[in-house]
Amino acid sequence: MSATTTQKRGLGTVIWDYMTTVDHKKVGILYLLFGGIFFLMAGVQALLIRTQLITPENDFVSAGLYNELITMHGTNMLFLAAMPLFFGLMNYVMPLQIGARDLAFPFLNGVGVWLFIFGGLLMNSSWFFGGAPDAGWTNYAPLSTQSPGHGVNFYVLGLQLAGAGTIISGINFIATIVLMRGPGMTYMRMPLFSWTTLVTSILILFAFPAFTIALFLMQFDRMFDTAFFDIALGGNSIIWQHLFWIMGHPEVYILVLPAFGIFSEVIPTFSKKRLFGYTAMVFATFLIAFLGFMVWAHHMFTVGLGPVANALFAIGTMAIAVPTGIKIFNWLLTMWGGSIKITTPMLYALGFIPSFTIGGMTGVMLGSTVADYQFHDTYFVVAHFHYVIIGGSVFGILAAVHYWWPLMFNRMLSEKLGKLEFWLFFTGFHLTFFIQHFLGLMGMPRRYWVFLENQELDLGNLISTIGAYLMGIAVIVLLINVVLSYFKEPAPRDPWDGRTLEWAVPNPTPYYNFKHTPLTRGLDPLWIEKMEGDGKIKPAEPLHDLHMPYGSILPFLMSLGFTIASFGFIYQLDGPHGRILIYIGMAFAIGCMIVRSLKDDYGYNIPKEVLEKEDD
Amino acid sequence: MKRWMGKFKALMLFTFLTILLAGCGKENLTALDPKGYGAEISFNLILYITFIMIGVFVVVMVIYTIVLLRYREKKGQENEIPVQVEGNTKLEIVWTVIPIILVIIILIPTIFYTFDLADTSEASTSINVDVTGNQYWWHFEYQDEEVSTSQDLYIPTGEKVYLNMISSDVIHSFWVPTISGKMDVNPENVNTMYIEAYEEGVYWGKCAELCGPSHSLMDFKVIAVSPEEYEQWITDMQNVDPEEVPADAVAQEGQDLFQNNCMGCHALGSAPSGVGPNLTNFGDRTHFVGYLEPTKENLVDWIMDPETLKPGNKMTGTYDVTEEEADKIAEYLMQLKPSEVTPESAGGIID
């Protein structure tokens, strides 16, 4: 098969192709597709929450349903939307940026994506099996261990599966970046997005195992009558908070560092200027990641850890402001003296700088222990983390979607609709969340199903809800833009006048990525060739046969097996049918592993002669 | 450019207007108008950091604005290539060192007051109250006084009151924004904090840690009265006779019904805390169930159908009374007013 013979195929063929794919680009698109679906679901949940809070003492949803909505909104957004959307972008773009043909372990990549997809579907299926988890996305014990029904079990098993996929992908990204950079692509020539992919993956590798353990302990407590979090039997519920936030705080950086990477690509491209202080940017990224592990207890200032612990964690927390500040100023100075072109991705980058600065400032305020005694668990915190997660991560994702859309889907998104979407989203976002800082200080705790009449909280909540609807409309505009783009002409090659290697491949991206292994001559290799050469990347070696892996259905089946077993675990207390499911599912998954281990899969070669006929 | 800035300005103006309109919030609930020691310290620190942070924001926005005004791509110069600057060590040192200095000047008062607010050295000579958080109500026991009450915590003004807090079920968090910051109420250990109210008043308290469906309805009050009135209240509460028979016949029937149906969970007088709130001074409550106007209709509604008014509570289905009986019980409960000192002594609840 060659790129030129890629014709219209039946829907069945396409679906089968994606189910069996081990190609990093298609896996990336799977991540984007399902991350996008979970993003939309979590968005609808957010709108339901805001609708409930549009007036005081509203009864649009019941108290129990409200707690399920906030839990699913948070869990979906963080674990099943934001993170997978970044994974999709990393999967697609990072190998192209470093001149690699695929990730280090293509088969494992397939396992990772299907574990995420099945984990996410498992958790969201809880709505149809007697109710969703309702103990908040933080799932604090003992509220979670005492939560009736199966809801929290779905949280535990769903995130366990998705989390395994996350760790697998993290390892894969690290191995790829360490081992598979193209000739001349030294570490200090790597684009910032690839750098942040590496650092994010390291964070995942160290942070997620703590959560895996926490989830296992929770599973044992809820399903096998252990007492890790049961105080009456000598357990300790605070342990859950520690384990959760040891993952939960680095998770914040897992979500925001890739966005930093994206803006470090977008801003230089549309300022026509190389990134200011590249080395400082790289070290700031590392510093943020390193400090990110020493601050988890700032989520627990009111737990009663004592003044010594609180003071130490306050120091750590505030220290993070320093490398983050360095980044903000470096971006500003990148634009300084440049030639700024306002496109949709650049608009998101420009919207990001003030929004994220506000989020960072409130972060410093929260880091001050004594001030936090007032902020903690109020709408001030809600405002703060939405400024960071939306103003940072979501703006980053939206910038990247507009920026890399022509690379990934061979179509341009409409700039007109894109700008409309940005303004709706930006206005809606600030309307929703700015006022919430004040709501919190005016006495509105977070996770409140209703707020009472006559407490002067009405106006703020109304404004907030209106803002949320605007953001909803913005997302609809994006969807329209995506649908319309399908009917457009193919995008030109390198439409943004890019600087990095991913823009050197033909459109659509050939399934083998690079015909010739590309030679990197410095930071921003494509820009260097545009300035000093003929604008084409030099081949590092003569054309030769390319070795490619075969696709496989095994990652899909393996993940399906684990999902069946997970259903079994969730229902094993209800009778023998649960236990039977465990055995069936595990046997099936392990069977797939045995098949994979015993069957030799040598892959195939694309002969040189075929490649010669292809575009450069 | 003009268009962009116009929109941004309009947005900022709009937000500031809304804040002005909304004011600082309700005066006995907001943290922005502190009337107690902890709240005052937190508020001062919030103002101090906000001031520094606005300074930083202004610097960022000035550079940002200059960049956007001066370095937009100009018509006819699309093909010009700007100078590719690698960096500037001096500048980078400046914006590393200045934030470090700012962080240090924020940290010094932060750490000082962290230790100050955790200081328990005066606890043994002060009023100590054992606080128990329950789904979804609060219990208060005054140490060495043999006084118990629920939902409304009476304290004297101008004195530190130490709260020793534990939960009987899941994690709660004790927060009276106008007087003090919050502290979690854990099931496994006693957390101690102190509060001090400067002025008399009835202050709203809220649970700030998700504790189940009725988390948002777990409100309570702190009633700060003058030290003399506080002494009076303690004496009155100590002298309560839980068996005292009310004067009118309806309330007497209500008392019988109460003793037969409710005493299994609810206590009167200083009896140890039960499954449900202590009702000794129920007639003086500022609100019923934490948030309902203290009217008899509301109380009867509550007795007849607690699940609707407070989903997930532990009272639903533990007794069986008719509406008529509930009415009599309500009549009895509303007459439980053992003290001259009431929320009205502190100025009453502000509506």
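Derivation of every value follows stated rules applied to the coordinates shown; laboratory data play no part. The structure presented is a predicted model; accordingly, all values stated were derived computationally and were not measured. Using ideal geometry, Cβ is built from the backbone for each residue, glycine included, and neighbour counts are taken over all protein chains shown.
In units of the rule-of-thumb radius 2.2 N^0.38 Å, chain B shows an alpha carbon radius of gyration of 1.34. Entry note, the stretch B:249-346: relative contact order of 40 percent, from Cα contacts under 8 Å with a spacing of 6+ residues.
Counting beta carbons within 10 Å around each of B:HIS139, A:HIS516 and listing the fewest first gives the order A:HIS516, B:HIS139.
Annotation: amide H-H contacts under 5 Å for A:SER339 (H modelled 1.01 Å from N, sequence separation of 5 or more, or interchain): A:LYS272. Legend: ranking of residues B:CYS262, B:CYS207, B:CYS24 from fewest to most surrounding C-beta atoms inside 10 Å; resulting order B:CYS24, B:CYS262, B:CYS207.
In terms of surrounding Cβ atoms within a 10 Å radius of their Cβ, A:PHE588, A:PHE118 rank from fewest to most as A:PHE588, A:PHE118. Were the residues from B:GLU27 through B:ILE104 laid out at 0.36 nm apart, the gain over their Cα-Cα distance would be 24.4 nm. 3J(HN,Hα) along the stretch A:489-506: 5, x, 6, x, 6, 6, x, 9, 6, x, 10, 10, 4, 4, 8, 8, 8, x Hz, from the Karplus curve 6.51 cos²θ - 1.76 cosθ + 1.60 with θ = phi - 60°, whole Hz, x for Gly and Pro. Charge tally for A:VAL505 (other residues, Cβ to Cβ under 10 Å; Lys, Arg +1; Asp, Glu -1): -2. The local environment of A:PRO607, defined by Cβ-Cβ distances under 14 Å, has a net charge of -1 under the rule Lys, Arg +1 and Asp, Glu -1. Rounded to the nearest 10 degrees, the angle from helix B:227-238 to the longest Cα principal axis of chain B is 40 degrees. Under 5 Å from the amide H of A:THR378 lie the amide H atoms of A:ARG446, each residue being 5 or more positions distant or on a separate chain, with H modelled from the backbone and absent for Pro and chain starts. Taking every C-alpha pair closer than 8 Å and separated by at least 6 residues, the mean separation divided by the residue count of chain B gives a relative contact order of 17 percent. By definition, a body whose alpha carbon gyration tensor gives a ≥ b ≥ c is rounded when a/c is under 1.5, and the stretch B:249-346 falls into this rounded group. Note on the stretch A:327-422: Kirkwood radius taken over Cα pairs, Stokes-Einstein applied at 4 °C and 1.567 mPa s, translational D equal to 86 µm² s⁻¹.
What is the projected area of the convex hull of the Cα atoms of the stretch A:436-551, averaged over all directions, in nm²? Can you show the working numbers first?
Values: hull surface 57.7 nm².
Mean projected area of the Cα convex hull: 14.4 nm².
Averaging Cα coordinates gives a centre for the stretch A:544-616 and one for the stretch A:470-498; these two points are 33 Å apart.
In the neighborhood of A:GLY338, defined by Cβ-to-Cβ distances under 15 Å, what is the net charge if each Lys or Arg adds +1 and each Asp or Glu adds -1?
Numbers: positive: A:LYS272, A:LYS273, A:ARG274, A:LYS341, A:ARG499, B:ARG70, B:ARG72, B:LYS74; negative: A:GLU265, A:ASP497, A:ASP524, B:GLU73, B:GLU78, B:GLU80, B:GLU86.
With Lys, Arg at +1 and Asp, Glu at -1, the neighbours total +1.
Across chain A, Cα pairs under 8 Å and at least six residues apart give a relative contact order of 17 percent. Amide H to amide H distances under 5 Å link B:VAL147 with B:TYR142, where only residues 5 or more positions off or on other chains count and H is placed in the peptide plane.
The phi torsions of the stretch B:62-74, fed into the Karplus equation with coefficients 6.51, -1.76 and 1.60 and a -60° offset, translate into couplings of 5, 4, 4, 5, 4, 4, 5, 6, 9, 10, 6, 4, 9 Hz, rounded to whole numbers, with Gly and Pro shown as x.
Over all directions, average the projected area of the Cα convex hull of the protein assembly as shown and note it in nm². Don't skip to the answer; put the middle values down first.
On the way: hull surface 160.5 nm².
Seen from a random direction, the Cα hull of the protein assembly as shown projects 40.1 nm² on average.
Each stretch of four or more DSSP H residues adds -39500 (n - 2.57); spread over every residue of the protein assembly as shown, this sum gives -18500 deg cm²/dmol at 222 nm.
Dividing the Cα convex hull volume of the stretch A:96-219 by residue count, how many Å³ per residue is that? Walk me through the numbers on the way to the answer.
On the way: hull volume 13.1 nm³, N = 124.
Output value, Cα hull per residue: 106 Å³.
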